[in-house]
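Step one of this worksheet: look at the structure below.
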Amino acid sequence: MDTNTQTRQTIVRLLSSMGSAKEIDQYLRRFSQLDAKKFAVVKVGGAVLRDDLDNLVSSLAFLQQVGLTPIVIHGAGPQLDAEMSAAGIVKETVDGLRVTSPAALAIVRRVSQTENLKLVEALQKVDARATSIIGGVFEAGFLNPNKYGLVGKVDRVNLAAIEASLNAGSVPVIASLGETVAGQILNINADFAANELIKALQPYKIVFLTGTGGLLDDAGNVIDSINLATEYEHLSQQPWINGGMRVKIEQIKDLLDALPLTSSVSITKPAELAKELFTHKGSGTYIRRGERVLRATSWDQLDLKRLHALIESGFAPRKLAVDYFEKTKLLRAYVSENYRTAVILLAAELGNGHTQVYLDKFAVLDEAQGEGLGRAVWQVMREETPSLFWRSRHGNIVNHFYYSESDGCCKLPSFKAFWYGIDDFDEIEACVDYCRAKIPTLIDRPATPLAA
């Protein structure tokens, strides 16, 4: 067994404490298949460099050990504030951008280089390969010299230095300085520089490392995932979203709109980077452009061939009964537009003329797991389904989610029965009896017609 294989197996075992081996192997395979410059761009704020350097270095070195090389771009805002204050230069901002005089630019260059080398040297001390890239990436023009001084806007991104670093298996660490074609150095806002770099690279993952570890809801808790296609408008209308967070979400939406559908943004803490990248649950806020959710009340409104493939993929190796669509009367179905997630609801007859909504299938493609797409489709369903019950096999990896979404659970020999929005004990008992008696439509042998 070679050293690389041993290292990879050791890392998989370490990661197994965060999530299942299947999840971790799935992500490793997915990331390893990408071209090096398509894997991840990691944006590091100056506050993280100042306050959390050890965890940042540990996480970046960890990625390199598993054979993945992220591209790092950093800012240095707090450090610049401190140095300029010490030099007696009063901070002046216009439209959120730092006005940069010639005296201020000298400090910007020095601080940017110092912080860049600090990170590179810290990586090298733990035997990680890293390359300092101070300039040559961002060809820029003056944004508005009368208004902002020596502040630039990116006109072109030159990837040569980054590609050379990646080809050598070294982490490129990039400062957000630009220069004109005539050689004038310009100060570029680190977020703007990162956005232009991301658009040029079209990476699979974009990671923003922050002290808060994600976007926070009205209770101060980290929002675990956002599917912009279904949640953006709703989020935008929430009174608890402050100006800074609203701008951040708008910027991320604009960024993802310019990237492939497979790209995503994660906002997390440096110490949680591996958990965010390699487990479905993650740690932080996971944001995708996402997919619209199709709603259907009859099978003929759906592409049954694609739906059949989705269900069997989500429940492999079990097979769907061949006459499932003919013998199953649909109440409602919610399907992501690319048929990567589906929720299928039926009307369950509980006796005495009472009916209740039964969740018959909740399927998510392997490749879509961990994206938050399943949760997004579930939330669309839940908004117009005030009460629901369903069953799930013991050991189903989705059960932790079902526990969080249900009001109660009844454990039976072969499965668990879940429900929400049902308060009457007799009705709950009838729901459990329905679960117990229902004939399976996913079977462990080659598909055959259901018994009459």
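Relative contact order of the stretch 107-225, taken over Cα pairs closer than 8 Å and 6 or more residues apart, is 23 percent. Scaled to the compact-protein estimate 2.2 N^0.38 Å, what is the alpha-carbon radius of gyration of the stretch 185-256, rounded to two decimal places? So the Cα radius of gyration is 1.22 times the expected 2.2 N^0.38 Å.
Ranked by solvent-accessible area (1.4 Å probe, protein heavy atoms only, all chains present), the residues Lys147, Lys91 order from largest to smallest as Lys91, Lys147. How big is the gap, in Å, between the Cα center of the stretch 31-94 and the Cα center of the stretch 177-201? Measuring centre to centre over Cα atoms gives 15 Å. Of the solvent-accessible surface of the stretch 240-324, computed with a 1.4 Å probe over protein heavy atoms with every protein chain present, carbon and sulfur atoms account for 51 percent. Apolar share of the accessible surface for the stretch 76-218: 50 percent from carbon plus sulfur atoms, 1.4 Å probe.
Can you bin the stretch 138-221 into rounded, prolate or oblate? Criterion: square roots of the alpha carbon gyration tensor eigenvalues sorted a ≥ b ≥ c, rounded for a/c under 1.5, prolate for a/b above b/c, oblate for the rest. Verdict is oblate for the stretch 138-221. With protein chains left intact and a 1.4 Å probe, residues in the chain average 46 Å² of accessible area per residue. Note: relative contact order over the stretch 253-381, using C-alpha pairs below 8 Å and six or more positions apart, is 22 percent. Peptides 371-379, 59-67, ordered by how many other C-beta atoms sit within 10 Å of their residues on average, highest first, read 371-379, 59-67. Exceeding 24 Å between C-alpha atoms, which entries from my cross-link table qualify? They are Lys329/Lys411; Lys305/Lys416; Lys43/Lys118; Lys38/Lys253; Lys275/Lys411. Going by Cα-Cα distance, Lys329/Lys411; Lys305/Lys416; Lys275/Lys411 fall outside the 24 Å limit. Computed about the Cα centre, the dipole magnitude for the chain is approximately 1000 debye when only Lys and Arg (+1) and Asp and Glu (-1) carry charge, each at its Cβ.
Go ahead and estimate [θ] at 222 nm for the chain from helices alone: -39,500 (n - 2.57) per DSSP H run with n ≥ 4, summed, over the residue count, rounded to 500. Each step should come with its number before you reach the end.
Details: 17 runs with 178 residues, N = 452.
That comes out to -11500 deg cm²/dmol.
Dividing the mean sequence gap of close Cα pairs (under 8 Å, 6+ apart) by how many residues the chain holds gives a relative contact order of 13 percent. Of Asp217, Asp407, the order by accessible heavy-atom surface (1.4 Å probe, DNA, RNA and ligands excluded), from most exposed downward, is Asp407, Asp217.
The values are calculated or read from the model by the stated rules, or taken from the named source; none is laboratory data. Keep in mind that this is a model prediction, so the values were computed, not measured. Cβ atoms come from the backbone with ideal geometry, glycine included; neighbour counts cover every protein chain shown. The accessibility values were calculated without ligands, DNA or RNA, using every heavy atom of the protein model including side chains. Shrake-Rupley method; radii C 1.70, N 1.55, O 1.52, S 1.80 Å.
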